[in-house]
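The values are calculated or read from the model by the stated rules, or taken from the named source; none is laboratory data. Values in this document were obtained by computation on a predicted structure and should not be read as measured data. Glycine gets a Cβ as well: all are built from the backbone with ideal geometry, and neighbour counts include every protein chain shown.
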Amino acid sequence: MIITLEQKEELKLILSEYTKYQETYSEVYDHVLSALEEQKDTLDTSFAQKVHEVLDADFGGLAQLPVMEKKRACLINNQVAKKQLNFAADFFKLPFVLYTLIAAVAIYQLASTKLLSIALLIAVYMMLSPTIIIGFRMVNNAFIKKGKPSIKNNMFNLMGIYGVILYNAVNPHLLTDHFRLKTPDTLHLLMITALIMFYLIYGLSFIRLYRQEVKLEVAS
Amino acid sequence: MLKGTLQTIILKLLEDNEQMYGYEITQKVKELTAGEMKLTEGALYPALHKLEADGLLETYNEIVDNRVRKYYRLTEQGGQQVATKLQEAQNFIQQLQFLLNLTPHTS
């Protein structure tokens, strides 16, 4: 059947109500239209009825769309988190582990001098890099008129917030104490080194993940 | 349909057809089974999304008739999995046949 513009708008309205994310909306929209286009034109059933018939047969009904969407969001979130964890784990595998070790030794050495503040500044910047990158992205996207949000975008927005939460959670009085102590002991220096290394690895793994995802986004 | 077989069907279809979109997959299954098998009740998309999340499929979008169409295709890892999944399915069917005494035991 030939679907008119009005009918397409009607379908958009029906789907808009039951879908939250762009990924689900556009996939279901294309599926329903493809199915209807192959059907014969009949006058005995309304367009809305035909839409519901396709949705019932192929998706288990409109009410199943939010369920499907929730599962999908969960899968994507897990996938992205797993990727970042894998990127972080790479820093403990060859050849990256060599850089990790060199950085750790250098930071440990720096921790006993006043130059630590430089390393610290870089590490804090790395830790907050998700927040900075996502902040820029959000400002940029604010000027582009878009429909529904995408699952991945939402996930990245959350990661931007996690950066700040992690920074506040992991950054105890350790650092402020450090600058008050005249001769910090070995344990204190090791803790400072571990903290800075955590900041660096978290930030770098996020940047790697973000770059890969942006590349995929551009490619699609 | 038995649990897990849908993923094998999708992987095999994509191996044969390189790239497909959701509706096309449902139609292909219908066509190959002469309408005997229908992918219904929202089984197809969750399976596609799971395969994508597992890294066996990748997607890309194309604009067709002014709308976004999402195509699925096998990743390298997915391509390697097809033979294994097919072998697993074949073994399972064979065992089922033995269990139901549909074919005589050959040992």
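Would you say A:Val80 is modelled with pLDDT of 85 or more, buried (at least 18 other Cβ atoms within 10 Å of the Cβ) and in a helix (DSSP H, G or I)?
Details: modelled with pLDDT of 85 or more: yes; buried (at least 18 other Cβ atoms within 10 Å of the Cβ): yes; in a helix (DSSP H, G or I): yes.
When the stated conditions are applied, A:Val80 passes them.
For segment A:22-67, name all the residues that are free of Cβ contacts under 8 Å to residues at least 12 places away in the same chain, part of a helix (DSSP H, G or I), in contact with a helix residue (DSSP H, G or I) (Cβ under 7 Å, 6 or more places away or on another chain) and more than 13 Å from A:Ile3 (Cβ to Cβ).
The one that is free of Cβ contacts under 8 Å to residues at least 12 places away in the same chain, part of a helix (DSSP H, G or I), in contact with a helix residue (DSSP H, G or I) (Cβ under 7 Å, 6 or more places away or on another chain) and more than 13 Å from A:Ile3 (Cβ to Cβ): A:Glu27.
Among A:Lys82, A:Lys50, which is more than 8 Å from chain B (Cβ to nearest Cβ) and within 28 Å of the chain's Cα centre (by Cα)?
On the way: A:Lys50 fails: within 28 Å of the chain's Cα centre (by Cα).
Unique residue meeting the criteria: A:Lys82.
Considering only segment B:49-69, state which residues are out of contact with any Leu (no Cβ under 6 Å at 6 or more places or on another chain) and in a helix (DSSP H, G or I).
Within segment B:49-69, B:Lys50, B:Glu52 qualify.
For segment B:66-82, which residues satisfy the criterion of being more than 8 Å from chain A (Cβ to nearest Cβ), among the charged types (D, E, K, R) and more than 14 Å from the chain's Cα centre (by Cα)?
B:Glu76
Any idea which residue in segment B:30-46 is surrounded by the fewest Cβ atoms within 10 Å (Cβ to Cβ), counting only those that are more than 8 Å from every other protein chain (Cβ to nearest Cβ) and hydrophobic (A, V, I, L, M, F, W, C)?
Top of the filtered list is B:Ala34.
Do we find that A:Val51 is surrounded by 17 or more Cβ atoms within 10 Å (Cβ to Cβ), touching an Asp or Glu at 6+ places or on another chain (Cβ under 8 Å), outside the structural domain of A:Ile207 (by TED's automatic domain parsing) and not small (Gly, Ala, Ser) in this structure?
Details: surrounded by 17 or more Cβ atoms within 10 Å (Cβ to Cβ): yes; touching an Asp or Glu at 6+ places or on another chain (Cβ under 8 Å): yes; outside the structural domain of A:Ile207 (by TED's automatic domain parsing): yes; not small (Gly, Ala, Ser): yes.
Considered against the rule, which asks whether it is surrounded by 17 or more Cβ atoms within 10 Å (Cβ to Cβ), touching an Asp or Glu at 6+ places or on another chain (Cβ under 8 Å), outside the structural domain of A:Ile207 (by TED's automatic domain parsing) and not small (Gly, Ala, Ser), A:Val51 comes out as yes.
Among (1) crowded, with 19+ Cβ neighbours inside 10 Å; (2) of a type outside the set (Phe, Trp, Tyr); (3) within 12 Å of another protein chain (Cβ to nearest Cβ), where does B:Thr8 come up short?
Evaluating B:Thr8 over (1) crowded, with 19+ Cβ neighbours inside 10 Å; (2) of a type outside the set (Phe, Trp, Tyr); (3) within 12 Å of another protein chain (Cβ to nearest Cβ) leaves (3) as the failure.
Just one of (1) touching a helix residue (DSSP H, G or I) at 6+ places or on another chain (Cβ under 8 Å); (2) assigned to a helix (DSSP H, G or I); (3) within 11 Å of chain A (Cβ to nearest Cβ) trips up B:Gln27, so point out which.
Looking at each condition in turn, B:Gln27 falls short on (1).
Please find, among A:Glu27, A:Glu69, A:Glu10, A:Glu17, the residue that is in contact with a Phe, Trp or Tyr (Cβ under 9 Å, 6 or more places away or on another chain), more than 12 Å from every other protein chain (Cβ to nearest Cβ) and closer than 19 Å to A:Gly147 by Cα.
Being in contact with a Phe, Trp or Tyr (Cβ under 9 Å, 6 or more places away or on another chain), more than 12 Å from every other protein chain (Cβ to nearest Cβ) and closer than 19 Å to A:Gly147 by Cα holds for just one of A:Glu27, A:Glu69, A:Glu10, A:Glu17, which is A:Glu10.
Looking only at segment B:14-24, filter to residues that are over 16 Å from B:Val64 (Cβ atoms) and buried (at least 16 other Cβ atoms within 10 Å of the Cβ); which one of those is nearest to the other protein chains (Cβ to nearest Cβ)?
Going through segment B:14-24, the residues over 16 Å from B:Val64 (Cβ atoms) turn out to be B:14-18.
Cutting the leftovers down to buried (at least 16 other Cβ atoms within 10 Å of the Cβ) gives us B:14-15.
Details: B:Leu14: 16, B:Glu15: 21 Å.
Looking at the filtered set, the residue picked out is B:Leu14.
I'd like the full set of residues that are at pLDDT 90 or above and basic (Lys, Arg), limited to segment A:92-116.
Across segment A:92-116, the qualifying residue is only A:Lys93.
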